[in-house]
Structure formats: structure tokens, C-alpha cells
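Participant: Structure provided below as C-alpha cells; questions to follow.
The values are calculated or read from the model by the stated rules, or taken from the named source; none is laboratory data. This structure is a prediction, so every number in the text was calculated from the model and none was measured. Ideal geometry is used to build each Cβ from the backbone, glycine not excepted, and the neighbour counts take in all protein chains shown.
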Amino acid sequence: MPYLFEDFALDGDRRELRRGSDLISIEPQVFDLLQYLIRNRERVVSKDDLIDAVWQGRIVSDATLASRINAARNALHDNGEEQRLIRTILRRGLRFVGAVREEAGATAAAEQPKPGSGIPARPSIAVLPFVNLSGDPEQDYFADGMVEDIITGLSRIRWLFIIARNSSFTYKGRAVDVKQVGHELGVRYVLEGSVRKVGSRVRITGQLIDAEDGSHLWAERYDRDLTDVFALQDEITISVVAAIEPNLRRAEIERVKRQRPDSLDAYDLLLRALPDVYTFMPQGAAKALPLLDQALAIEPTYALAHGFAAWAHQSLFVRGGMKPENRERSIRHAHAAIEHGSGDAMALALAGFTIGIVEHDRRLADEAFAQALTLSASCAFVYAFGCVSVAYGGDAARAIDWGEQALRLNPLDAMSCVPQGMIGFGNFLTGRHEQAVISGRRAVEMNPGFSMLHGWLAAPLARLGRLDEAKAAGARLLSLDPHFTIGRWSAAVGLAPEIIDDVTDAMRIAGLPA
């Protein structure tokens, strides 16, 4: 139900705070805090109440709580002196004191198609009802359930604005023009599909369309046995959500490239930085960091920007000179990503990767990965980054499992060279050197400019006695990273004691400098 006060509107279903027609950027914890205060405005809310409601009882410092309260006030153009809307009651807690109107039924009205509703600044998508091609009206429940699950899955992607079911289902049973849908719902992308059941088999198709020009960004068909309906819905939902996320990210990067630099906000600056961060190399990281710094200057609590900044500084540290300031900044940004990104799976994955690789705190890294997977089990990003940390920690079986999971969820993403390489590294650790070489070569083919992929390939080649190939791989690593030494690299990434001798010995045989 939307809450209206002064010239603000807070909509819990859409998780939006608006002032007039302007969408106000507000991080998830601050939104939840503000919504809780408004819902409980008839009473004073204690510190413990807020922690239970917003942080589900997790330990939260007084400084963190105070910063979120200040952020909520700032979003409402309030402050600790005026306390016009959020008032501190000494030794008791907080109370929202603004005059609030609740508009019964306004949520449904707000979700109905409205011609010309503005497209949000962040990427926006509507999932239309899937067409039931089975000729059996009773199969509508299956198609509708599939769409509801996909909407729920997409809603976990924090950077994505997803239209609620009530709005998208107004198009059920209607022939629609995607461009018109985009205009009416105010979205940039539309997902549509169909379901056909024949006997015990079901075919599900889906396609992602740019509503602005009608171009197709992604399409897939799934043929499955209809044995367990709910398990099948889960499987398809995970596959669709995992495929849509990187495709939307690529489309958004291309869109931002066409924008004037002086029109960029924090999100656009992040998108501009991504292609350079994705090189995995220090030269790209150095180009990306000024953009990420600009994004964080605009929005200091932007968890995903902190996460990518942590990764960029990690690249500079490990492959760009081992400078202590890059290590320190990498760790600082990683912890900021955890602090501000409790609901952002990608931010948590980047933080866990950095903390595991650079800070060598693999317990905290595992906690970050676990929290990320709780938020989004379909996020290939988590598995792709997580497999590196667990491999360097000596857990070969989990590294291979997570690498394979990342490839299943998202086989064509720019990140795929990492899980592919880690599958090879995991096989090397378990003595399956032939399999390690196969995976290592695939990884190199995906991204020959990422120096460490050649090192992961050189090690199993050396163990197989294929010294010419091993030394060629080592030479390619050195051509990309002339300052590489085995000792500095193994210390920087914190190779586990039980694997360090095997890895470093194989690299020495491959001709890499000690």
C-alpha cells in the first residue's frame, strides 16, 4: 500500500520512494527502515525493533544504525536538528511524525498500464503472461505459475526494476505490440514466452526484447519431461533468470555508451567501468577506477560500485605491482560492499572474492558467498567468483562444482573464462592433469589476454611432462605480466599450505621465475 506524505510517496510493493515524479535513490536497508517507521508511526520504535525488522536480529553497530537513520532523513530532506518527519524520542527510540495518507487500492491502480509513464533510470522489465499453446485451459495454472516464479526471481536482482504481476497480467489473453507495452508500462525490456504441453512433455520458450526498438536480446527453448511440476518450474525459473541477468547487463552497457558523458548518474558510471574491469588486468582496472570513484562520490553507499572497485584494486594489487595501497583499498571497498549490500548478491560475491583472495579471510568470504546464494541461487556471478577463493583455499572438489555450476547457469558470459580455468585448476589439484589441460585451454581461448589463465594451464602441462607447451604457456603469462614471480603471486593470493608446494613446483618446471 502506498504511503503519501508532504510531496513524497513510498510504495512498498514497488520498493520506490518518489518526490513528485522523481525517483529517489535509496539503499535497501534505508528503504526498509523508513517503511517500518511509517507503518508503525502510531508508536515509538526502539532500536531493537528496528534491528529485528530491518536486519533480522543480526548484530548492528550504533554507528551503522545512526548512518541509516541519517540516510533516511536525508532522502526526505529532513535532518537531525529539524526532525520534521523522523523524530528521536530520548532514551526510547524513533517515531515518524509526518502526516501520512494511505491510499487503499492505490497499489493496484499504480500497477495498471499508464500511457507514457516514464522509464526508470535503472533497467526495467515486464514479464508478460506466457501463452498457453496446449489447447487445454487447465494448463493456464502452469504457465501463470512459471511467470510468477520468474518475476520473483528477477525481483532479487537489486539493480533491476521489475513490474509487478498485477500490471503485466492485464495483458493476459491479448495480442500485444512490445513497443506499446514498453510505453504503457514504462519499461525498457519485455520478456515474453509460451508453454506447450503434449502428453508428458512440455516445451517452454522465452525471448527478451528491447521495447524501444523491438530487437531480440536473448531467446531460448526448453524441452523437459513433465514429472514434478514444481521442480520443473524451479529449474526453468533459475535458467531463465540466470540467462537474463548478463544479457540485460550487456544491453545496458551498450545503451550507456551512446549517452553523453555529462548525463551519467552513478549507475551509468558503473556500467561504463565494467568492460575495463572485465579485462581482469591492471591496465583495465586503472581505467575503470576513476569512473567507479565518480559513482561512489555521487552515491557513497552504492554496494555494487564498492564491489567492482574492490575487484579493480585486487587486479592492480595481484597483477599490477603488489602495491600495499591497492591491497588496502581493495579490502576497504569489499567490506563496504558487505556493509551496504546485504541484499545484493553480486556485491556480496565481489566482496567475498576479494576478502578471500586479498585479505585471506576465507571464513568471512564463505559467509559472503553463502548469503549471496541465499538471495539468488541463480546468480552465476557468485559461483564464478566463489570458485577462485575456494580453489586457492585448497578445496578442489568445491571449486570444480562451483565452476561447473557457473557454466551451467551462464555459459556465454565474459566471466566464463574464470570458472572454466578453475575447473582446470581443481583438476590439477586432484591429479587429473589431462582434464586440467582441456579446461585450461578452453579458458585461454575465451580470454587470451588474462595472464593468470596461462599460469593455470602451464602447471598441469608441466606435470604431464609436456615441457615445451608448459614453457610456452609460462612465456605468454610473462608477456602479459612481466613482473610475475611465483613467490609474490602465491603470497598475494594466499595459497593454502596444503597445495602451495605442488602448485609452485609445477610452475617452476614450466619456467616461471621463482
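Participant: List, please: which pairs have Cβ atoms under 6 Å, are six or more places apart or on different chains, and start with a residue in the stretch 406-433 that is acidic (D, E) and end with one that is surrounded by fewer than 24 Cβ atoms within 10 Å (Cβ to Cβ)?
Facilitator: From the stretch 406-433, the pairs are D413/P246.
Participant: For the stretch 53-82, what are the residues that are in a loop (DSSP other than H, G, I, E, B) and either in contact with a strand residue (DSSP E or B) (Cβ under 6 Å, 6 or more places away or on another chain) or surrounded by 15 or more Cβ atoms within 10 Å (Cβ to Cβ) (or both)?
Facilitator: Across the stretch 53-82, the qualifying residues are V60, L76, D78.
Participant: While we're looking at this one, here's another question. Of these, E220, E235, which one is farther than 26 Å from A297 by Cα, touching a helix residue (DSSP H, G or I) at 6+ places or on another chain (Cβ under 8 Å) and either among the charged types (D, E, K, R) or not assigned by TED's automatic domain parsing to the domain that holds F130 (or both)?
Facilitator: Answer to the check: E220.
Participant: Can you spot a residue in the stretch 284-292 that is of a type in the set (D, E, K, R) and modelled with pLDDT of 85 or more?
Facilitator: Taking every residue of the stretch 284-292 in turn, at least one turns out to be of a type in the set (D, E, K, R) and modelled with pLDDT of 85 or more.
Participant: Can you tell me which residue is farthest from the chain's Cα centre (by Cα) among those in the stretch 174-199 that are among the basic types (K, R) and within 20 Å of W218 (Cβ to Cβ)?
Facilitator: So the residue we want is R196.
Participant: Is it true that I486 is over 21 Å from R441 (Cβ atoms), outside the structural domain of I357 (by TED's automatic domain parsing) and surrounded by 16 or more Cβ atoms within 10 Å (Cβ to Cβ)?
Facilitator: Yes; evaluated as a whole, the condition is true for this residue.
Participant: Just to be sure before I move on: is T205 under 19 Å from F381 (Cβ atoms), assigned by TED's automatic domain parsing to the domain that holds V190 and among the β-branched types (V, I, T) in the structure I sent?
Facilitator: No; evaluated as a whole, the condition is false for this residue.
Participant: For the stretch 469-492, give me each residue that is in a helix (DSSP H, G or I) and among the charged types (D, E, K, R).
Facilitator: E469, K471, R476, R488, listed by residue number.
Participant: Just to be sure I understand, how many residues within the stretch 13-52 are assigned to a loop (DSSP other than H, G, I, E, B), under 21 Å from Y302 (Cα atoms) and either in contact (Cβ under 8 Å) with a residue 60 or more places away in the chain or in contact with a Cys (Cβ under 8 Å, 6 or more places away or on another chain) (or both)?
Facilitator: Number satisfying all stated conditions: 3.
Participant: Quick check: is even one residue across the stretch 336-345 of a type in the set (S, T, N, Q), surrounded by fewer than 24 Cβ atoms within 10 Å (Cβ to Cβ), under 16 Å from the mean Cα position of the chain (by Cα) and assigned to a loop (DSSP other than H, G, I, E, B)?
Facilitator: yes
Participant: Moving on. Over 20 Å from the mean Cα position of the chain (by Cα), assigned to a helix (DSSP H, G or I), assigned by TED's automatic domain parsing to the domain that holds Q283 and crowded, with 24+ Cβ neighbours inside 10 Å, is that true of F353?
Facilitator: So F353 does not fit the description; no.
Participant: Restricting to the stretch 286-315, name every residue that is buried (at least 24 other Cβ atoms within 10 Å of the Cβ) and not in a helix (DSSP H, G or I).
Facilitator: Y302 - this is the single residue of the stretch 286-315 that is buried (at least 24 other Cβ atoms within 10 Å of the Cβ) and not in a helix (DSSP H, G or I).
Participant: Right, something else. Considering only the stretch 322-333, state which residues are buried (at least 18 other Cβ atoms within 10 Å of the Cβ), under 15 Å from H360 (Cβ atoms) and out of contact with any Phe, Trp or Tyr (no Cβ under 8 Å at 6 or more places or on another chain).
Facilitator: I331
Participant: Would you pick out the residues in the stretch 1-11 that are surrounded by fewer than 16 Cβ atoms within 10 Å (Cβ to Cβ) and without any contact (Cβ under 8 Å) to a residue 24 or more places away in the chain?
Facilitator: Matches in the stretch 1-11: D7 only.
One line per residue, one yes/no per condition, for (1) crowded, with 24+ Cβ neighbours inside 10 Å; (2) in the same structural domain as E445 (by TED's automatic domain parsing); (3) among the aliphatic types (A, V, I, L, M):
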residue	(1), (2), (3)
I400	yes, yes, yes
G403	yes, yes, no
A406	yes, yes, yes
P411	no, yes, no
A414	no, yes, yes
C417	no, yes, no
Q420	yes, yes, no
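Participant: Tell me whether the stretch 138-156 contains one or more residues that are under 22 Å from A380 (Cα atoms), basic (K, R) and either outside the structural domain of E16 (by TED's automatic domain parsing) or not in a helix (DSSP H, G or I) (or both).
Facilitator: Yes, that holds for at least one residue.
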